[in-house]
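Below you'll find the structure, written out as structure tokens, and then a few comments.
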Amino acid sequence: MKVLGIETSCDETAAAVIEDGVKIISSEIASQIELHARYGGIVPEVASRQHMVSIIPVISKAMNKAHIGWHELSCIAVTRGPGLAGSLLVGTSIAKSIAAVKQLPLIGINHLEAHIYANWLSNQKPEFPLLCLIVSGGHSDLVLMQDHGKYTVLGRTRDDAAGEAFDKAARILGLGYPGGPAIDRAATKGTVSIDLPYAWMKGTYDFSFSGLKTALFRLVEKDKIKNMADAAFSFQRVVVDILVSKTIAAAKLHRVKQVLLSGGVAANRRLRQQLKEDSPIPVLIPEPVLCTDNAAMVAACGYFCLQANTTHGFDMDVVPNLKLNQVNN
């Protein structure tokens, strides 16, 4: 079974063809990083307009590289939320059009669930029950996954997500955009540990990084930061320590067989290394290109949704604040 996936939740226009939920036949991504870099962050209106320019060429490339005809597809899977409303509308509109013209089933995909399914595109097969750490610009969630489509959210961010915290820290330190990779690069040159606060949110698996960001800002404001690399190193250390510690604690408590890491922040080198080294439970992490937004993960998720007979009608709407436990609604 071959699924065409379409992703336009934020600032990446992507399309991919996946076979049987695990094999990448083709995957194309048109990035908008250079476009938004001049503003120091994502401008929603600019993002949606660029999706309109890129979406058809990207889908055409993915289909041509897959060397298949439309009649060979089993369904169209497209991200319907969470994300930027204007961007989501571009992807869902083209997906509905293709599905209608080619008479193919349509499946609306939850972006967070899709990030989890990036792990099915690796060489190892995930085993249930799983604990999933989803870390991106807008989300930091710890999710217990008992089976396909069966999720229990154990913890989530109460303010800034990990990716958002990295973006803001990079802006405070003048390291540029996007902030996550900038902090990652700068941290490799840092050695001195700066005293920054840990918000453990004791008694919960929730996360909070707003206070950490504010503490960094105050140090910069008072001219107490002399080395930006040391500041990046220290900030990253605190974020990663909290993410890893809570993930391992939850994994032990729920006696899961594996830990899955996913989302854009999963490309962070310290996070990948520390989670693998510290966890007594096997850890699966997609390759970096599958951690950031892509359509391969959307198509993989679409395959398993189709197996569960989950499809949507052409009246399906986008849901910018879609929650993980709403994946099949």
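Has the range 188-203 got any residue that is in a loop (DSSP other than H, G, I, E, B) and under 18 Å from residue 40 (Cβ atoms)? Quick ask: steps written out before the conclusion?
The first filter runs over the range 188-203 and keeps only residues in a loop (DSSP other than H, G, I, E, B), leaving 188-203.
Within this subset, residues satisfying the condition of being under 18 Å from residue 40 (Cβ atoms) are none.
No, because not a single residue in the range 188-203 is in a loop (DSSP other than H, G, I, E, B) and under 18 Å from residue 40 (Cβ atoms).
Do you know which of the residues in the range 19-52 that are over 25 Å from residue 320 (Cβ atoms) and β-branched (Val, Ile, Thr) is surrounded by the most Cβ atoms within 10 Å (Cβ to Cβ)?
25
Counting only residues that are modelled with pLDDT under 95 and in contact with an Asp or Glu (Cβ under 7 Å, 6 or more places away or on another chain), which one in the range 94-152 is farthest from residue 310 (Cα to Cα)?
Ranking the qualifying residues of the range 94-152, first place goes to 137.
Assuming residue 97 fulfils every condition listed in (1) within 19 Å of residue 313 (Cβ to Cβ); (2) small (Gly, Ala, Ser); (3) surrounded by 13 or more Cβ atoms within 10 Å (Cβ to Cβ) apart from one, which condition is it?
(3)
Right, residue 48: in a helix (DSSP H, G or I), within 30 Å of residue 172 (Cβ to Cβ) and touching a Cys at 6+ places or on another chain (Cβ under 7 Å) or not? Steps first, please.
Values: in a helix (DSSP H, G or I): yes; within 30 Å of residue 172 (Cβ to Cβ): yes; touching a Cys at 6+ places or on another chain (Cβ under 7 Å): no.
For residue 48, the condition - in a helix (DSSP H, G or I), within 30 Å of residue 172 (Cβ to Cβ) and touching a Cys at 6+ places or on another chain (Cβ under 7 Å) - is not met.
Limited to the range 40-70, what total is found for residues that are farther than 11 Å from residue 11 by Cβ and among the hydroxyl-bearing types (Ser, Thr, Tyr)? Break it down stepwise before answering.
Our first condition is that a residue be farther than 11 Å from residue 11 by Cβ; within the range 40-70, this holds for 40, 45, 49, 52-53, 55-70.
Checking the rest, the ones that are also among the hydroxyl-bearing types (Ser, Thr, Tyr) come to 60.
Number satisfying all stated conditions: 1.
The values are calculated or read from the model by the stated rules, or taken from the named source; none is laboratory data. Please read these numbers as outputs of a predicted model, since none were measured by experiment. Using ideal geometry, Cβ is built from the backbone for each residue, glycine included, and neighbour counts are taken over all protein chains shown.
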